[in-house]
Amino acid sequence: MADLSLGKDKIKFLMLEGLHANAFKVLADAGYTNVENISTALEEDELIEKIKDAHFIGIRSRTQLTRNVLEKAEKLVAIGCFCIGTNQVDLDAARELGIPVFNAPYSNTRSVAELVIAEIIMLMRGIPEKNAVVHRGGWGKSAKDSYEVRGKTLGIVGYGSIGSQLSVLAENMGMKVIYHDAVTKLPMGNARQVANLDELLANADVVTLHVPDLPETRNMIGKNELAKMKAKSHLINAARGKCVVIDDLAEALKSGHIIGAALDVFPKEPKSADEEFESPLRAFDNVILTPHIGGSTQEAQANIGLEVAEKFVRYSDVGDTLSAVNFPNVTVPFKDGTHRLLHIHKNVAGVLSQINKSFAEANINILAQSLMTEGNVGYLVMDVDDDDSDKALERLKAVPETIKVRVLF
């Protein structure tokens, strides 16, 4: 049951999908040298074989950490998603197995916002189609359906870190901004929150999606929603691939009701550059299709590498789970002359009192203690006197609800 602390040279990091060099520098500077770096995602069988000896795994969006994979990763203590999204990980399974998941929710917001700004301008000017015609030897010099963005209305669906930053950039170009969010959000600048999605669709010249992958956001833009959009408007999806019903969008483009679109994410994406991308949207010259590169700038990847690797180090060094997406968030200041124990357990009543009673019976002095729960899991960080650590470990291991127990230092 116990996963005891190891020397830093024994703690293995499996890093997939070509992560930025900053991540490896952070680990090396912290003394972690047992790092395997693979530039691609792995299929399930190979992933299971590779992950079985790993204590930490770093991934981007292609690697699928399913319950089946995680249940075979017996040594795994943490997962790092070097991106915004975490839908490629079974978060519930990870939590139940005592594995926190970290991500970088803000590091690439500027990159995504800039891509969307570029796409707004390109779509409003009809550049994708004009570009395609010239490549084929034509010369479609015309102002038909070509507009300045100044004075036009941008409708932002999802006013989080990306949506709100995009709002500011769009206003700086003279656009009017309206937005819809599931909760009331304070507007940036002169942006205005509208009452519902229908109102946004009816009034926006460009609709752009910036929502998480949730049951209520899947297929949120389909035939009915596209019909409610303004005639000759544009749709951008840089959020999640399942937000838009692709066949319905293709029909709206074919009819001319929607005259341009840009998509960076898709319901089914190739697992590697060798696999052909298939979509009915390939048939349209007035659609910008990009290979999920909203956050793929050198600046964003450098920031993401730093952010997630630093979270790995803090968890491995001191047990800090602050900002974990699926796990109790606990942080306890470091204190000299103590031993720190991490206890991950089933979230049932009486575990803490059971531990404290057991420690009192063994005359174990608790110097610091912090407990938080998340769903069906509790996470307890405890500092005890040096002389008491062996006794404390045995007492924690004996708790029936224990999932994992580790001694950090």
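The values are calculated or read from the model by the stated rules, or taken from the named source; none is laboratory data. Everything quoted here is computed from the prediction, not taken from an experiment. All Cβ positions, even for glycine, are placed from backbone atoms using ideal geometry, and neighbour counts span all protein chains on display. SASA here: full protein model, heavy atoms, side chains in, ligands and nucleic acids out. Shrake-Rupley method; radii C 1.70, N 1.55, O 1.52, S 1.80 Å.
Accessible surface for region 166-206, divided over its residues, is 52 Å² per residue with a 1.4 Å probe.
Remark: the chain carries a charge dipole of roughly 1180 debye about the Cα centre, counting +1 on each Lys and Arg Cβ and -1 on each Asp and Glu Cβ.
Using just the C-alpha positions of region 263-393 as equal point scatterers, what log10 of I(q)/I(0) does the Debye formula give at each q in 0.21 1/Å? Treating every Cα as an identical point scatterer, log10 I(q)/I(0) equals -1.22.
In straight Cα distance, which lysines are under 19 Å from Lys223, not counting same-chain residues fewer than 8 positions off? Cα-Cα hits under 19 Å: Lys232, Lys242, Lys254. Percent of alpha carbon pairs in region 1-86 separated by more than 17 Å? Distances greater than 17 Å cover 45 percent of the Cα pairs. The charge dipole of region 185-267, taken about its Cα centre with unit charges on the Cβ of Lys, Arg, Asp and Glu (plus for the first two, minus for the last two), comes to roughly 120 debye. When the chain is treated as a Gaussian network with alpha carbon springs shorter than 10 Å, the biggest mean-square fluctuation among Met173, Met15, Met229 belongs to Met173. Here are several values of Kirkwood radius over Cα pairs in Å: (i) 22.0; (ii) 23.5; (iii) 22.9. Which one was derived from the coordinates shown? Computed from the coordinates, Kirkwood radius over Cα pairs in Å corresponds to (ii).
Are there chymotrypsin sites (Phe, Trp or Tyr not before Pro) in region 275-377 that DSSP marks as loop and that have at most 14 other Cβ atoms within 10 Å, and which are they?
Working: sites: Phe277, Phe284, Phe312, Tyr315, Phe334, Phe359; in loops: Phe277, Phe284, Phe334.
Within region 275-377, the qualifying chymotrypsin sites (Phe, Trp or Tyr not before Pro) (loop, at most 14 other Cβ atoms within 10 Å) are Phe277, Phe334.
When the chain is treated as a Gaussian network with alpha carbon springs shorter than 10 Å, the biggest mean-square fluctuation among Ser358, Ser111, Ser161 belongs to Ser358. Of all complete DSSP H helices in the chain, those with a Cα span along the helix axis of 24 Å or greater and a mean Kyte-Doolittle hydropathy of -1.0 or more are 298-318.
Computed with the Debye formula from one identical point scatterer per Cα of region 187-260, without solvent, the log10 of I(q)/I(0) at q = 0.19 Å⁻¹ comes to -0.78. Rank Phe312, Asn347, Met372 by how far each Cα sits towards the positive end of the charge dipole of region 299-386 (+1 on Lys, Arg Cβ; -1 on Asp, Glu Cβ) and give me just the farthest. Projecting each Cα onto the dipole axis, the largest value belongs to Asn347. Charge dipole of region 113-240 (Cα centre as origin; +1 on each Lys and Arg Cβ, -1 on each Asp and Glu Cβ, all else neutral): 460 debye, rounded to the nearest 20. Projected onto planes of every orientation and averaged, the convex hull of the alpha-carbon atoms in region 125-262 covers 8.6 nm². Sorting the Cα pairs of region 190-324 by distance into bins of 10 Å, from 0 upward, gives 11, 33, 29, 18, 8, 1 percent per bin. The mean sequence separation of alpha-carbon pairs under 8 Å and at least six residues apart, normalised by the residue count of the chain, gives a relative contact order of 16 percent. Which one of Cys81, Val381, Ala195 has its Cα pushed farthest toward the positive end of the charge dipole of the chain, where Lys and Arg give +1 and Asp and Glu give -1 at the Cβ? Farthest towards the positive end: Ala195.
Protein heavy-atom accessible surface, 1.4 Å probe, per residue over region 11-91: 41 Å².
I want to make sure I understand the PRE zone here: with the label point 7 angstrom from the Cα of Glu171 toward its beta carbon, which residues in region 92-119 have backbone N atoms less than 18 Å away? From region 92-119, the list is 110, 113-114, 117.
Legend: P(r) of region 366-409 from all alpha carbon pair distances, 10 Å bins from 0, whole percents, reading 23, 59, 17, 1.
Wrap a convex hull around the Cα atoms of region 322-409, take a quarter of its surface area, and give that in square nanometres. Please report the intermediate quantities before stating the final value.
On the way: hull surface 21.1 nm².
If I average the Cα hull's projected area over directions, I get 5.3 nm².
Segment Asp285..Ala195, full-extension length gain: 29.0 nm, with 0.36 nm per residue of separation and the alpha-carbon distance subtracted. Shown for the chain: the carbon plus sulfur share of the solvent-accessible area, taken with all protein chains present and a 1.4 angstrom probe, equals 51%. Of the residues Asn219, Ile288, Leu27, the one whose Cα sits farthest towards the positive end of the charge dipole of the chain is Ile288 (charges of +1 on Lys and Arg Cβ, -1 on Asp and Glu Cβ, taken about the Cα centre). Say R0 is 30 Å: what FRET efficiency, to the nearest 0.05, do Asp274 and Leu214 get from their beta-carbon distance? E(calc), rounded to 0.05, equals 0.40. Cα-based radius of gyration for region 49-150, normalised by 2.2 N^0.38 Å, reads 1.73.
Using only the Cα atoms of region 143-220, each taken as one equal point scatterer with no solvent, compute I(q) by the Debye sum, divide by I(0), and report log10 of the ratio at q = 0.12, 0.25 Å⁻¹. Values returned for q = 0.12, 0.25 Å⁻¹ are -0.32, -1.19. Between Ser353 and Glu44, the modelled label-to-label distance comes to 4.4 nm, taking each label 7 Å out from Cα in the direction of the beta carbon. Count neighbours as other Cβ atoms within 10 Å of each site's Cβ, and list the trypsin sites (Lys or Arg not before Pro) in region 140-205 that are DSSP loop with at most 11 such neighbours. Here the sparse-neighbourhood loop sites are Lys141, Lys144, Arg150.
With every protein chain present, what is the per residue accessible area of region 237-378 (1.4 Å probe, Å²)? The partial results should precede the final answer.
Numbers: 6610 Å² over 142 residues.
I get 47 Å² per residue for this part.
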